[in-house]
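Right, one structure below, let's go through it.
The values are calculated or read from the model by the stated rules, or taken from the named source; none is laboratory data. The structure displayed is predicted, hence computed values, not measured ones. Cβ placement follows ideal geometry from the backbone for every residue including glycine, while neighbour counts extend to all protein chains displayed. These area figures cover heavy atoms from the full protein model, side chains too; ligands, DNA and RNA do not enter into them. Shrake-Rupley method; radii C 1.70, N 1.55, O 1.52, S 1.80 Å.
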Amino acid sequence: MPKKLIVDGKEIEVEDGITLLQACEMAGAEIPRFCYHERLSIAGNCRMCLVEVAGAPKPVASCAQTVNDLRPNPDGSPNVIRTTSPLVKKAREGVMEFLLINHPLDCPICDQGGECDLQDQAMAYGVGGSRYQENKRAVEDKYIGPLIKTIMTRCIHCTRCVRYMTEVAGVEELGLAGRGEDAEITTYLENGILSEMSANAIDLCPVGALTHRPWAHNARPWELMKTESIDVMDGVGCNIRVDTRGPEVMRILPRNNDAVNEEWISDKTRHVCDGLKMQRLDQPYVRRDGRLVPATWDEALAVVGERLQSTPPARIGALAGDLAGAEEMLALKTLMDGLGVANIDCRAPGEVLDGSCGRSGYLFNTTIEGIEAADAILLIGTNPRLEAPVLNSRIRKRWRMGGLAVGLIGEPADLTYTYDHIGTGPAALGDLVDGAYDFSRILRQAKRPMVIVGGGVYSRADGRALLALAARIAATARTDIEAGHCVFNILHANAARVAGLDLGFLPGTDGLDTAAMIEAAGQDDLDLVYLLGADEIDTAALGNAFVVYQGTHGDRGAHRADVILPGAAYTEKSATYANTEGRVQMTQRAVYPPGQAKEDWAILRALSAHAGKTLPFDSLTELRANLYKAVPHLQRIDEIAMSGDDCLAGLQQAGGTSGSAAFVNPIADFYLTNPIARASAIMAELSALKAQKQATGQLHAAE
């Protein structure tokens, strides 16, 4: 039941069970803190949040005491809390004085300077001097990985990093060793931490003890321009802030969005930014006499335009890559439609998702936030820790609450939570349909079950038959639950896939899909292949086809290309993406593309004039008007359009026979999944470190 309090003379009514710190902030009071964090367990060890409770013998740590713990007043009047009294002021000054006893005067050289909680709170709640003349304690710096730089003499033992690693990242390798003056934050085995989300601990550190190693001494926060944008390293669509100085992206930080990524991002999202300036394509190239030579835009576009006009439409193919925005995919699709080309696809080779059973047939229908309400989750052919680390942390968050059963059919892996490993392939999936496992009973009895299908299922030759089995399991699991709860979920590991499927960037009548186009090109049945950032294919198998590559990096597509058209990366353009749950989000341009590179839609608009099929727009605004007319829900930014369909009936009707091969996780190396990541020296170092740990047995081979 609600409880009344008087905070600094203001009477408020608060919910039962909240902390005094939360209650005071509801009343408008500002409570300093170092150890307390909304998404971590309560430690109560910094004592900076002390408040005065009338009748209490001493100041109270407001983060660790709930309103229920307050002793009722004899007359039944509300409890009185003071946050600005002389007692509180003196207590906080004393706490700050103790925190600064051993803290070094590193502010001029500290990377945390300018965004340091200790600096801010020392100014607001501390005193101007210190009464302590003793020598400061020094602590040896620890190596805890290539991403986190440690200066542990600055550490104030708030233990945020320890709690984050244990509770959110699920890597129990960091702890507080020793007591009193000898206490130190360290790794248990004095080895580097290798987790897909370890660098979030840096954001949590309220002092300069943990800072970004790759970013060390590069810039000051006040020198940077800050642009709110969206991440495209996976299908989650994490909200990020891109910090730039001049023409360069200096760092990427998370933005809070409780419905998507809370305030976490993966290490790849955070530290891939050095790949944005390495191996970049900054001018057009045309292959002459077997060599790629620089060309002007008019020359390159004229060559491609002439080829498009002279090649029969049936012998042209177009592929959209994993990082393509909705705008350029619509532009390319419109151009190919104008030329009469039916061979277009946005999917990886072998993928069978096509939207024929409705939009819910290729979405994460439960939503990312909906994971927290699940009581049973079945993972099929997926390793969410590698495909979507932030989404995997949601599953772990729900698992830590208790009452969640997780089952896995596929490769065993360390997912940071316990699960029932049912099997490795289609046989186990079929047996689960027949009720041969206890987990089938768990799914049927669950009130809010989830079935999550990954790329290890829908990218196989027998993918349709396997999706039918997964749909049967989902249909069985939803028998006794409330109407409207979606059980069936597709997990996409790529940012562009959902928008591409929404746009219908798929083969037309008698058109070839990605695998068929690659095979046809290898057999000289395709004369021209247009790659819109499509690097995750076997470009060597394209035979003698004339290859046009429009992209950002000198990666696989550029190596095979006959003409290169340099495009813009996700930090250099405003583009629309739909994440794995169908949430529409938009990147914002933080810097301009390098050299002569241009935004992708503009390249296609210019190319269309050379191909004799001028596209019906001259600006991004006009293009988006066409986009919203074609797919209306793409204009609803940060919303998930209701699909209005139920895919289960249609999916179950799919024919075919499932094979016997075990499911294989679609991501072999988490750190090298796209051209930007492969151009990053930091990602290469992390990939090599992980391979080394696997080879020496320090890391499970399936992890």
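Observations on the structure shown:
- Remark: region 261-322 carries a charge dipole of roughly 360 debye about the Cα centre, counting +1 on each Lys and Arg Cβ and -1 on each Asp and Glu Cβ.
- Extension gain from Glu248 to Ala183, taking 0.36 nm per residue of separation minus the Cα-Cα distance: 19.4 nm
- Overall form of region 629-680 per C-alpha gyration tensor (a/c, 1.5; a/b vs b/c): oblate
- Cα shape, region 396-455, gyration tensor, a/c 1.5 rule: oblate
- Counting 0.36 nm for each residue step from Ser130 to Lys226 and taking away their Cα separation leaves a gain of 30.9 nm.
- Between the C-alpha center of region 63-95 and that of region 589-665 there is a gap of 56 Å.
- Nitroxide proxy distance, nm - points 7 Å out along Cα→Cβ at Ala427 and Met642: 4.5
- Subtracting the Cα-Cα distance of Ala216 and Tyr592 from their residue separation scaled by 0.36 nm leaves 132.9 nm.
- Rounded Å value of the spacing that divides the Cα centres of region 283-297 and region 484-501: 39
- Net charge of Cβ neighbours under 10 Å - reference Ala541; Lys, Arg +1; Asp, Glu -1: -1
- Over the chain, relative contact order from alpha-carbon pairs under 8 Å, at least 6 apart, %: 15
- Read-out log10 I(q)/I(0) by the Debye sum over Cα atoms at q = 0.06, 0.09, 0.10, 0.11 Å⁻¹, derived from the coordinates shown; its label in (i) -0.40, -0.86, -1.03, -1.19; (ii) -0.36, -0.81, -0.99, -1.18; (iii) -0.42, -0.94, -1.13, -1.30: (i)
- Set of region 383-426 residues, backbone N closer than 19 Å to the point 7 Å along the Cα-Cβ line of Ala662: 383-387, 407-416, 419-426
- Label-to-label distance, Asn544 versus Trp297, with points set 7 angstrom from Cα along the beta-carbon direction: 3.4 nm.
- Share, in percent, of DSSP beta bridges within region 520-631 that are antiparallel, nearest 5: 25
- When DSSP beta bridges are restricted to pairs lying wholly in the chain, around 55% turn out antiparallel.
- Neighbourhood net charge (12 Å Cβ-Cβ; Lys/Arg +1, Asp/Glu -1) for Leu672: -1
- Ranking Ala641, Ala681, Gly659 by how far each Cα lies toward the positive end of the dipole of region 632-695 (charges on Cβ) leaves Ala681 at the top.
- Cα gyration tensor shape of region 1-121, rounded if a/c is under 1.5, else prolate or oblate by comparing a/b with b/c: prolate
- Theoretical ellipticity at 222 nm over the chain - DSSP helices of four or more residues, -39500 (n - 2.57) apiece, nearest 500: -7500 deg cm²/dmol
- Here the dipole of the chain is about 1080 debye; that uses its Cα centre as origin and unit charges on the Cβ of Lys and Arg (positive) and Asp and Glu (negative).
- Here the relative contact order of region 544-701, from alpha carbon pairs under 8 Å that lie six or more residues apart, stands at 16 percent.
- Flagged links, alpha-carbon separation over 18 Å, of Lys277/Lys598; Lys333/Lys629; Lys4/Lys90; Lys10/Lys58; Lys226/Lys573: Lys4/Lys90; Lys10/Lys58
- Estimated inter-spin distance, Ala691 and Arg288, nm [label 7 Å along Cα→Cβ]: 3.8
- The charge dipole of region 258-374, taken about its Cα centre with unit charges on the Cβ atoms of Lys, Arg (+1), Asp and Glu (-1) only, comes to about 700 debye.
- Neighbours of Gln635 by Cβ distance under 11 Å: Lys/Arg scored +1, Asp/Glu scored -1, total +2.
- Accessible surface for Glu372 stands near 50 Å², nearest 10, in the context of the full protein assembly shown (1.4 Å probe).
- For region 425-534, with +1 on Lys and Arg beta carbons and -1 on Asp and Glu, the positive-most of Val453, Ser440, Leu466 along the dipole: Ser440
- Ranking Leu253, Ile230, Val341 by Cα position along the charge dipole of region 228-374, where only Lys, Arg, Asp and Glu carry charges on their C-beta atoms, puts Val341 farthest toward the positive end.
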